[in-house]
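Throughout, read-outs are computed from the coordinates displayed, never taken from laboratory work. Since this is a predicted model, take the numbers as computed values, not measurements. Ideal geometry is used to build each Cβ from the backbone, glycine not excepted, and the neighbour counts take in all protein chains shown.
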Amino acid sequence: MLDNLTQRLAKVVKTMRGEARLTEANTAEMLREVRLALLEADVALPAVREFIARVKEKSMGEEVISSLSPGQALVGVVQRELAAIMGADLGPEASQLSFAQQPPAIILMAGLQGVGKTTTVGKLAKYLKEEKKKKVLTVSADVYRPAAIAQLQSVTSQVGADFFPSTATDKPVDIALAALDWAKKHYHDVLIIDTAGRLGIDEEMMREIAAVHAAVKPIETLFVVDAMLGQDAINTAKAFNDALPLTGIVLTKLDGDARGGAALSVRHITGKPIKFAGVSEKLDGLEAFDPTRMANRILGMGDILALVEEARKGVDSKAAADLAQKMKVGGKFDMNDFKAQLGQMKKMGGMANLMDKLPAQFQQAAGGKNMDQADKQVRRMCGIIDSMTPQERAKPELIKATRKRRIAAGAGVQVQEVNRMLNQFEQMQTMMKKLSGGGMMKMMRSMKGMMPGLK
């Protein structure tokens, strides 16, 4: 996510931290680097100017000048201002959805065609159902795009929410009012209305969506914008903001964007908070947007809180407790346990997703390895384990040459892949053995012996 910007700013941050004294010259040089990084990332010029002016003013302030480590203090200023430009100055409540109305709370989704609006409706329905425990109804008022209604029905069904059917011959305002009536009668907490997009902004589109807005009076009107649009995202955001009383922004395709300027510009241009970010194509790939945590990620500081949240959602605590108990009473870590551990990693979004949330130094330590390749490797390992018999999974020591050939053929891989997987399993088995029966402290002590810097 935002790879180029993160790499550029992480370098600047490293340089800043090393400065024992701040002068006008070295501060100006750092700010120039920050400015270039932001412009390269397609951040709107007015947003860049305001950001640089705010950082410059505060970097010459008493707090930084008198600090024992002014370089560190300046990093703090950059981090706070980066968070502010993305909406932290609006307060934590601004990025939350409002449900302060008689149910159903109506959410109207607006945006151009092709930005991922319909998929975002499905993702949002899943988020509200699972995270906020809401009963959600979705409806499509897009009567122009072929298969738009069928697409929304499909994603709604996949996330387990309710869907209100509509047809291409209906009028958008009639569809919205009929869905609202149904939602009231069936006690839905939230109604999400997907509206028609166009390839460009036109008056007819704006009149139509304004009419739907006037008819249902939504509590939230969210503008969905593709983070990869760069400067175009800013122009469309401004047009929608002028035509509709927007309450927030949803950024999509943030995972596929190397520049990411839209994330920093759209909030500045519209004055509205970014409420969600689409971080993968999967239906669980929607994150509540937190400006401070996003600033940390952009500056290469990582987002450990998001990592903890992924773990909380992905890890089966009962399975983890059962494995701990099994090891404690002398049980053996077998292939079924190994596959379960690989499954937990997949549930947390895979290696690429986990690495994205780690600080830059950890990402550099990975040596630029292809994390998508690592995820493929995990899937292959699961395939190899699936090709084993129940007896082989319970007792991997039985797996000799002839069994390896049969397992490799069943999984569609070379015997070398099976050998590699067995080696990785043995390493994990050894580690689990050390962790059981008080081995954790011994392991920590041995690590300290290997790393002279640790005391």
task: Give me 294, 206, 431, 421 ranked fewest to most by other Cβ atoms within 10 Å of their Cβ, as a rough exposure proxy.
output: 431, 206, 421, 294
statement: Listed with the fewest Cβ neighbours within 10 Å leading, 38, 137 appear as 137, 38
task: Calculate the spin-label point distance for residue 45 paired with residue 32, positioning each point 7 Å from the Cα along the beta-carbon direction, and give it in nanometres.
output: 2.0
message: Can you sort 144, 127, 187 from fewest to most other Cβ atoms within 10 Å of each residue's own Cβ?
response: 187, 144, 127
- request: Would you mind computing, in nm to one decimal, how far apart the modelled labels at residue 207 and residue 154 are, each placed 7 Å from Cα along Cα→Cβ?
  value: 3.3
task: Calculate, for residue 419 and residue 332, the FRET efficiency according to 1/(1 + (r/R0)^6) with r their C-beta to C-beta distance and R0 30 Å; round to the nearest 0.05.
output: 0.90
- prompt: Taking 0.36 nm per residue of separation and subtracting the Cα-Cα distance, what length does fully extending residue 380 through residue 284 add?
  reply: 32.3 nm
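On a 20 Å Cα-Cα criterion, which of the cross-link pairs 129/184; 133/272; 133/275; 133/184 come out too long?
On the way: 129/184 17 Å; 133/272 26 Å; 133/275 18 Å; 133/184 17 Å.
Violating the 20 Å limit, Cα to Cα: 133/272.
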- request: Could you tally the net charge around residue 414, taking each other residue with its Cβ under 12 Å from the Cβ of residue 414, Lys/Arg +1 and Asp/Glu -1?
  value: +3
- request: Compute the distance in nm between two label points, each set 7 Å from the Cα along the Cα-to-Cβ direction, one at residue 402 and one at residue 177.
  value: 7.8
